[in-house]
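The next block holds one structure in the form of structure tokens; read it before the comments.
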Amino acid sequence: MAKIGVVRHRVEDFPAWRKKFDDRMEIRKSNGWSGHELYYDEGKKEAYVVHTVHDDKLAMAKEHMEKFKAMGKRTEMKPSGNPDHSIVPRGEKIEAVNY
């Protein structure tokens, strides 16, 4: 399994954002994601999601990320294939989940 990217979200209302995030679990699975680590920095009002994929789904996940980047979304995501990211998760670690 590889950690593929870190996404930073501006989140004023964490419970409301979290519900939307949780509701998209099946979409993440269908696009090759195999898990995530979720962090929240209350002071900065930012959520950080570290996405993971199984090695056999890496190409699919990268394609999914590029699609969102092309739409002007998820600009913080950069396929790296390793845990050395330009954005470091900050805040309290909320969970680590494997799908």
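Values quoted throughout were computed directly from the atomic coordinates according to the rules given, and no laboratory measurement underlies them. This structure is a prediction, so every number in the text was calculated from the model and none was measured. Methodologically, a virtual Cβ is constructed for each residue, glycine included, from the backbone with ideal geometry; neighbour enumeration extends over all protein chains shown.
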If the Cβ limit is 6 Å and pairs must be 6+ apart or interchain, which residue in segment 1-28 that is closer than 13 Å to Val49 by Cα and touching a residue at least 24 places away in the same chain (Cβ under 8 Å) pairs with which residue that is of a type in the set (Val, Ile, Thr) and surrounded by 10 or more Cβ atoms within 10 Å (Cβ to Cβ)?
-> Lys3/Val50; Lys3/Thr52; Ile4/Val53; Val6/Val50; Val6/Ile87; Val7/Val49; Arg8/Ile87; Trp17/Val11
Identify all residues within segment 11-66 that are over 15 Å from Val97 (Cβ atoms) and of a type in the set (Phe, Trp, Tyr); write none if there are none.
-> Phe14, Trp17
